[in-house]
Structure formats: C-alpha cells, structure tokens
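In what follows, a structure is listed as structure tokens, so that the remarks can point back to it.
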Amino acid sequence: MLYLRRLVVAFAGTLALVAPVYAGKLALVIDDFGYRPHNENQVLALPPAVSVAVLPNAPHAREMATKAHNDGHEVLIHLPMAPLSKQPLEKDTLRPEMSSDEIDRIVREAVNKVPYAVGMNNHMGSAMTSSLFGMQKVMQALGRYNLYFLDSMTIGNSQSMRAAAGTGVKVIKRKVFLDDSQNEADIRFQFNRAIAVARRSGSAIAIGHPHPTTVRVLQQMVYNLPPDITLVRPSSLLNEPQTDTSTPNLTPPGQSAPRNPFRGVKLCKPKHPPEPIYATRFFSVISESVSQSNVVAYFRHQWQGWGQIKAN
C-alpha cells in the first residue's frame, strides 16, 4: 500500500511538470469586419479561436462571415448603436427611443445579413447601452435568436446586464481595447495587459480592429502566449462569473436627466485669511440689530406716547 501511494504521488508530480496549468483564458474579438477583405483575410489566417464581429451593412458582410465560419472562427454581429457624442449615424443604428418593433426589425435583418452569427456586440453605443429601457428592448430581440451579447463597454455605466435579467440572454464584457492607438508598441502593451487581466481574473476579452498594425502584433503574439494562458472563443466564457457594477439609469428615452438647480451658481468663498471676530464686536453687532428691529421701534413709540400722556 505504501509503495502504491508513493507511485501515485510521483505520477501526479510528473503530470504537474509536463501538463500546463491554464491560469487564464483570453478571448480576442476583431471588430469592423466586412469592409477590408485583404486585412480581414490576414486575421482569418490566425488561429480559429480568434473571433470576428461583422458589420451587417458592410459591403462584404455575408462573404466575410461565411469565410470566417468556414475557417472555424466564431462570428458575431457588430451592430451600430447610438453614441453620446454628436456625429452622423450609420444606417440602422439602434437608438434608445426606438420602438420594440423597430429594434426587432433591425436585429432580424442583421441576423439575415451575417450568417452563422452566435452573438452580438455593439459598435459605438454609449447612449444606447447606458439606457436601461433601450437595452431591455435589445435583449428581448436577441432572445428570439438565441444570441449572446458581448458588451464592448464603451461607457462604464452600461445597462446590458441589468437589461438582460429574466430574458435568458447571456452577457459578457470586454476588458481591454487593443488598438485605441495605432502604434505597435502601444498595441503590444495592451495585449500584455489583456494577458495580465486574464491571469488575475481567470478570463479576459480583448477587442481590436483589422488595422495593419493590429494584425502585425497579433501575428507576433498569439503564437507566443505564456504557458498559463489559453486562447478561447467568447462563447466559452458565457458561464464565467460576471460582475455588474452599473447603477440603474431610469431616464425615459428621449429625455435628459433632471437639471441640477444649483448648476452654474457661484459659491461664496471666505476671505483668506479670515478676519478674526472678537466677543465684544459680536455682542455689539447683536445689540445694534436688536435696537433697530421693528419690535423695539414699536415699543419705543408706545413708551414715548405713554410718556406724553402722563406729562399732559
């Protein structure tokens, strides 16, 4: 029995040396597919675990979605949603004030234009994703097509998880943007940051775009991941614990939050350094205020009148 126990311990130790322990899962999603087939084909040459998000109204949307699926990549719909900033909106951009029927139509047409999609993420969308009422309509539409929602987290107070409650739609969230900067060193830094987040939290989703610089960094780094990091599809993270740090945004669509009535009012600032107030001066001011009050003036007048009567 002792010999068998030692043999088991030795075998377990050997496995620990030869089998990598995956401390973190990293999912990579490349947005904006459907406009640049040359760059996008370079992305599709990467490992199949790299996923792509296709703009439904892009000229090559169906072509690139089909090719991505055939090459083993997970496909998402990259649906335009209204931002807070004032800028021209793309066709069929989701807006909070849209009716449920209008949102359902746009989602339905997007599903038809992007074959093989298993999920959806937002293109821009800070105004839309921060609206609880708007996102509830989106989640109801997604529930009809069995799609998950990857929140690109273009705004911190996104209502996506709160809106999905009770709909059956699963929500996962982006942790790192790879290429806000087009500098290769910056993209490499962000990629390493995504690895660190995955290692610390157990998983991380990083989003990038098919820019030439991003593609070059991915070609270098996805094949040289640390042994404790494994590349996964976003859908494999749907059952990972998700934390909702949002606060409810109950502002009806089309209305702004109540205005602060004190906004723009200048505050009175004390003189620096403050002037000292002595006790004698304090009581002097109080005495002057009392002596000049209407009540004292009334009694003084009455007293003078009474004195005149007695004198007569």
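Nothing in this text is a laboratory measurement; each read-out follows from the coordinates by a stated rule. The model shown is predicted, which means the values in this text are computed figures rather than measured ones. Heads up, the Cβs are rebuilt from the backbone with ideal geometry, glycines too, and the neighbour counts pull from every protein chain shown.
The table that follows gives values for the structure above.
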{"quantity": "Where trypsin sites (Lys or Arg not before Pro) fall in DSSP loop in the stretch 28-133, at most 10 other Cβ within 10 Å", "calculated": "Lys86, Lys91"}
{"quantity": "Contour excess over end-to-end distance, with Cα ends at Ser181 and Tyr223 and 0.36 nm allotted per residue", "calculated": "12.9 nm"}
{"quantity": "Mean Cβ count within 10 Å, highest first, over the residues of peptides 240-250, 28-38", "calculated": "28-38, 240-250"}
{"quantity": "Listed pairs Lys137/Lys170; Lys67/Lys137; Lys91/Lys137; Lys67/Lys113; Lys91/Lys113 exceeding 25 Å between Cα atoms", "calculated": "Lys67/Lys137"}
{"quantity": "Separation of the Asp101 and Ala45 label points, Cα + 7 Å toward Cβ, nm", "calculated": "4.9"}
